[in-house]
1. If the Cβ limit is 7 Å and pairs must be 6+ apart or interchain, which residue in segment 167-195 that is closer than 11 Å to residue 141 by Cα and touching a residue at least 40 places away in the same chain (Cβ under 8 Å) pairs with which residue that is within 11 Å of the ligand (Cβ to nearest atom) and part of a helix (DSSP H, G or I)?
2. Under the condition of being surrounded by fewer than 20 Cβ atoms within 10 Å (Cβ to Cβ) and free of Cβ contacts under 8 Å to residues at least 60 places away in the same chain, which residue from segment 52-74 is nearest to the ligand (Cβ to nearest atom)?
3. Among (1) touching a helix residue (DSSP H, G or I) at 6+ places or on another chain (Cβ under 6 Å); (2) exposed (fewer than 15 other Cβ atoms within 10 Å of the Cβ); (3) within 25 Å of residue 227 (Cβ to Cβ), which single condition is residue 179 missing?
4. Going residue by residue through segment 30-37, is there one that turns out to be surrounded by fewer than 24 Cβ atoms within 10 Å (Cβ to Cβ), at pLDDT 95 or above and over 20 Å from residue 140 (Cα atoms)?
5. Those residues that are assigned to a helix (DSSP H, G or I) and either within 15 Å of the ligand (Cβ to nearest atom) or without any contact (Cβ under 8 Å) to a residue 24 or more places away in the chain (or both), I need them from segment 238-249; list them, please.
6. If I ask for residues that are surrounded by fewer than 24 Cβ atoms within 10 Å (Cβ to Cβ) and either within 13 Å of the ligand (Cβ to nearest atom) or more than 18 Å from residue 178 (Cα to Cα) (or both), which ones from segment 94-113 would you list?
7. In this structure, is residue 78 in contact with a helix residue (DSSP H, G or I) (Cβ under 8 Å, 6 or more places away or on another chain) and under 30 Å from residue 281 (Cβ atoms)?
8. Mind listing whichever residues of segment 221-239 are surrounded by fewer than 21 Cβ atoms within 10 Å (Cβ to Cβ) and closer than 19 Å to residue 147 by Cα?
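The values are calculated or read from the model by the stated rules, or taken from the named source; none is laboratory data. Because the structure is predicted, anything quoted here is derived from the model rather than measured. Reconstructed Cβ throughout: ideal geometry from the backbone, glycine too, with neighbour counts over all protein chains shown.
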Ligand code: PMM
C-alpha cells in the first residue's frame, strides 16, 4: 500500500509507515551540520532530542563524507562515536552507526548500536560485513564508487538507476556470503555519492524501480547540495545554505514515503515525522478511499 514500506528489516521497529532516521554527525566538518554536535554531550543531547521528536532510529557518525573530505584516523572516529552511542542506547534509543570501518562497527555494536549504516556498502572495509553477520544486526548497503576525496570523478552513467542497482547486486551478494541474513539487508541509492544533481533527480523520480527489488530502501536526501542548487537565490545565484533546506527535504520525504521507501534519513525530525504519517494516511486513502460507504466519506 502506498505510504507504507514495501519491505522491513528484521530486528528494527516496523511501524505501518515510512521510518524516520535522525542524523547526529559527531564531526567538525559535515556539510549539513558540521561542528554543531562535535562535543559528546551535545551529540547525546541532540540524539535524545531527535528521538523525543519522533525519530525511530538515530544515526551516529564520526566521519564526514562530503565531497573532498579527508578521513579521520580510526582512533579518532572511535573517540567521537562510541561514548555517544553508548549513552543513547542506554537511554533506550535505537541507534545506527554510520561507519565504513569494521572496528568502529564492532565497538558500536558492543555498546548498543542496532544497525550498521555503511555508505560504502562493504567496499571500504570488507571485514565490516562479517562483523554485521556475527552480531545478527541489519546493515545499510549504500551505492558507492569511492571515497569522498575522489567520488565526484566517478559520475559517468548511461542509465543511473539501472547501473546503481547492478552495482548494488554484488554488494548484496557479498553481505550474504559473509553471513548477513537477507531480511537484514537494506539498500540505499546513495544520493550525492558519485552522482550529479541531475542523477539525484532521476533517482528520486524512479524510486519505485528501486523499491521493486524487494529490499527495504533507505533514502538520505535531507539538506543535500542538489536542494541548495534548486533553491538558489534567483538574484545572486548563491546556493540555499544547508540549514535552510529542511522544508524542501520534508517535501521529498512525502513523495519518497508514498513510493514505499522504508526509511528517510533526515536532520530535522518533527516535520518529517509528520510527513511520513501524512503519506501513510494518504496511501491508505488511495488504496481504500473509494470503497468506503458514503456516510463515512
Ligand atoms: N549521506 C551522508 C551520510 N550518511 N548514509 C546513508 N545510508 N545514505 C546517505 O545518503 C548518507 C549517509 C552525508 O550526509 P550528512 O552530512 O547529512 O550526514
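1. Pairs found: 189/203.
2. Result: 72.
3. Answer for residue 179: the failing condition is (3).
4. The answer is no; no qualifying residue exists.
5. Listed by number, the residues that qualify are 242, 243, 244, 246, 248, 249.
6. The answer is 94, 107, 110, 111, 112.
7. Judged against the criteria, residue 78 is not a match.
8. Step one: list which residues in segment 221-239 are surrounded by fewer than 21 Cβ atoms within 10 Å (Cβ to Cβ), which gives 225, 228-239.
Result: 225, single match.
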